[in-house]
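Reviewing the structure listed below.
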Amino acid sequence: MRALLFVLAIGLLAACAPAPAAEREPSGPARSGSAAPAPGLPTEFADRLLADAVPDPLGPLGEDVPDELAGARAWTSAIQAPHRQTDRDVGAAGVAHGLLALAAATPDPAARDGYLAGARAAGDFLLGASRDGRVPDYVDPGGPSDRAYTSFDDGAAGIAEVLWRLGEATDEDRYREGARASLRWVLDRAEGVDGVGCPEMCRWAWVDSGAPSYRHGMGEGQAGIVYALSVMGERLRDPELTAHALGGAAYLSSRLDDDGGLPERDDEPRRNTGFLSGTAGAAFVFLRMYQATGDERWRRDAESALGFLDRTAQPAGRGLTWPILLGAGSAALTPDNPNRATGMEEGAAGIGWVSLQAHAILGDDRHLERARAAGRWLVDVALVEPVGRAWAEYEGSPLVHTATNSGAAGTGWFLDSLGRVTGEDEFAGAARAARNWLLAVATPEHRWGATRRAGTWTLGGEPSWHWGAAGVIGFLARMGGGPVDSPGMQEVLVPLEGPGVRGDSGN
């Protein structure tokens, strides 16, 4: 009750506080106002992404792949240079996801077919790299990595989900079969816990080499695998996948502290608040389990995790924000990492995005007010530049990112969703300003740097979803009217739409 009153009090204070002044209307290539139409789909950026693909990327693995995979393409990561990654975080699976999002937004059949062809090329690289569903971390000219991951962002769970999407978009069975093979590999690596067999209770080591590491997050660990198995079990009507999802959720539930906080790993008792590695991600997957089963157990777990976020929220200006990391145990609410992050990965945008879905599924206005409070704080701390808005990685950080993980694309995406749900132009306008900023800071070659520090861009040409072009293209496609809504890589559990907003000033 105290947490509820705290959130409602923040809403009342915000209603009485003045909104920040709007920045100047963007100029140059990002200009968008009453005299000019909003920017359209990011076709030139997608064409550049396709042109940057590496042909014949399978190296020695290509010697025994079928002819239908001859069109495989990979992308060289700037962040993981010089590797040609496979995953959704910084690899080909994330590129495929971005191209599928753009294809879904593209009305012109010829252009749409071109983006689907690019997604196929990425999918064929994944199929060519796979051996019995095991997809190595990367495939370089000298051969594949010796490690493979189970997780959603880094490995087979997320690769399987995007291959299935690709099969549905193209109606080509090889992608569906590849998805099934990677899901089988994930199931084969499931472990029981403390004498309780799987699927009654299941967990997964993050990687198949070295000492096992049991991580809990949406990106690297348990929560993301449970999400993938749940949605794929539903799509395939596969009771074995569904049973493992339930067993995985049971283990994740057992890892929650009494106050709803989620330790990052089995050997790291400190609690992360964010979406990718922490408690907000746990809330998301418990919402998914409640949505899929109707079992009140999962609703209670979702509410417990969301309650932890209420207890750890910090009033800031007109809204709320959160420290990244708190101490171990339910009595430890002192931040171990007091930095207050902005983005989808570990900050207010990710917490707000989950809160929007909690409101839609659970029907409690407390969750909507938490999302609004996160949005107000993000509006207040935005870097207002002549060409639009961006965000520091965390409050006071010298680092500014472009992409979905911790940058303008992901934060702008959440604010767009918040504006759609609430009808409040403060949020929708900030999303448009993020779009304008991204268009303005792109290079003339239609690439982005991943990170700016002291005015200098680094990691130029990163192709990926979380840190590069594919994710920014996904955001711009959404802003251009596209249907795919997935700032955190996982799509929304329910449509985040509302009364809509007027105008497209970009301010």
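Test THR422 against the criterion of being over 19 Å from the mean Cα position of the chain (by Cα) and not basic (Lys, Arg), and give yes or no.
It is true that THR422 is over 19 Å from the mean Cα position of the chain (by Cα) and not basic (Lys, Arg).
Among the residues of segment 375-394, which ones are in contact with a helix residue (DSSP H, G or I) (Cβ under 7 Å, 6 or more places away or on another chain), part of a loop (DSSP other than H, G, I, E, B) and closer than 13 Å to THR411 by Cβ?
Just the residues of segment 375-394 that are in contact with a helix residue (DSSP H, G or I) (Cβ under 7 Å, 6 or more places away or on another chain), to begin with: 375-379, 382, 385, 387-391.
From what is left, the residues that are part of a loop (DSSP other than H, G, I, E, B) are 382, 387, 391.
Of everything in segment 375-394, those that are in contact with a helix residue (DSSP H, G or I) (Cβ under 7 Å, 6 or more places away or on another chain), part of a loop (DSSP other than H, G, I, E, B) and closer than 13 Å to THR411 by Cβ turn out to be ALA382, TRP391.
Write out, first by first residue and then by second, each pair whose Cβ atoms fall under 7 Å of each other, whose residues are 6+ apart or on separate chains, and whose first residue, in segment 95-109, is in contact (Cβ under 8 Å) with a residue 24 or more places away in the chain while the second is in a helix (DSSP H, G or I) and among the aromatic types (Phe, Trp, Tyr).
Final answer for the pair search is LEU99/TYR115; LEU102/TYR115; ALA103/TYR115; THR106/TYR115.
Pairs needed: first member in segment 366-382, open to solvent by 10 Å² or more (accessible area, probe 1.4 Å); second member anywhere, assigned to a loop (DSSP other than H, G, I, E, B) and of a type in the set (A, V, I, L, M, F, W, C); C-beta distance under 9 Å; at least 6 residues apart or different chains.
ARG376/ALA17; ARG376/ALA19; ASP380/ALA19; VAL381/TRP391; ALA382/TRP391
Only one of ARG420, ARG478, ARG435 is part of a helix (DSSP H, G or I), in contact with a helix residue (DSSP H, G or I) (Cβ under 6 Å, 6 or more places away or on another chain), modelled with pLDDT of 95 or more and charged (D, E, K, R). Can you tell me which? I'd like the intermediate steps shown before the answer.
Numbers: ARG420 fails: in contact with a helix residue (DSSP H, G or I) (Cβ under 6 Å, 6 or more places away or on another chain); ARG478 fails: in contact with a helix residue (DSSP H, G or I) (Cβ under 6 Å, 6 or more places away or on another chain).
Exactly one residue qualifies, and that residue is ARG435.
Can you tell me which residues in segment 310-365 are within 26 Å of ASP416 (Cβ to Cβ), among the small types (Gly, Ala, Ser) and open to solvent by less than 30 Å² (accessible area, probe 1.4 Å)?
Across segment 310-365, the qualifying residues are ALA313, ALA316, GLY319, ALA341, GLY343, GLY347, ALA348, ALA349, GLY350, GLY352, SER355, ALA358.
Working only within segment 274-300, note down all residues that are without any contact (Cβ under 8 Å) to a residue 40 or more places away in the chain and on the phi < 0 side of the Ramachandran plot.
The initial filter retains those residues of segment 274-300 that are without any contact (Cβ under 8 Å) to a residue 40 or more places away in the chain, namely 279, 286, 294-296, 300.
Answer for segment 274-300, where residues must be without any contact (Cβ under 8 Å) to a residue 40 or more places away in the chain and on the phi < 0 side of the Ramachandran plot: THR279, PHE286, ASP295, GLU296, ARG300.
Quick one: which residue in VAL441, VAL484 is surrounded by fewer than 24 Cβ atoms within 10 Å (Cβ to Cβ), in contact with a Lys or Arg (Cβ under 9 Å, 6 or more places away or on another chain), within 20 Å of GLY118 (Cβ to Cβ) and among the aliphatic types (A, V, I, L, M)?
Numbers: VAL441 fails: within 20 Å of GLY118 (Cβ to Cβ).
When all the criteria are applied, what remains is VAL484.
Hey, among the residues in segment 85-116 that are crowded, with 24+ Cβ neighbours inside 10 Å and in a loop (DSSP other than H, G, I, E, B), which one's farthest from the chain's Cα centre (by Cα)?
Here the answer is THR86.
Which of the following residues is in contact with a His (Cβ under 9 Å, 6 or more places away or on another chain) and small (Gly, Ala, Ser): ALA403, ALA428?
Only one candidate passes the filter, namely ALA403.
Suppose we filter ARG271, ARG265 for residues that are surrounded by fewer than 21 Cβ atoms within 10 Å (Cβ to Cβ) and either modelled with pLDDT under 95 or within 22 Å of the chain's Cα centre (by Cα) (or both); which single one remains?
Working: ARG271 fails: surrounded by fewer than 21 Cβ atoms within 10 Å (Cβ to Cβ).
Going through ARG271, ARG265 in turn, just one is surrounded by fewer than 21 Cβ atoms within 10 Å (Cβ to Cβ) and either modelled with pLDDT under 95 or within 22 Å of the chain's Cα centre (by Cα) (or both): ARG265.
The values are calculated or read from the model by the stated rules, or taken from the named source; none is laboratory data. As the structure is a prediction and not an experimental result, all values here were calculated from the model. For neighbour counting, all protein chains shown are included, and Cβ atoms are generated from backbone atoms with ideal geometry for every residue, glycine included. Please note that ligands, DNA and RNA were not included when accessible areas were found on the heavy atoms of the full protein model with its side chains. Shrake-Rupley method; radii C 1.70, N 1.55, O 1.52, S 1.80 Å.
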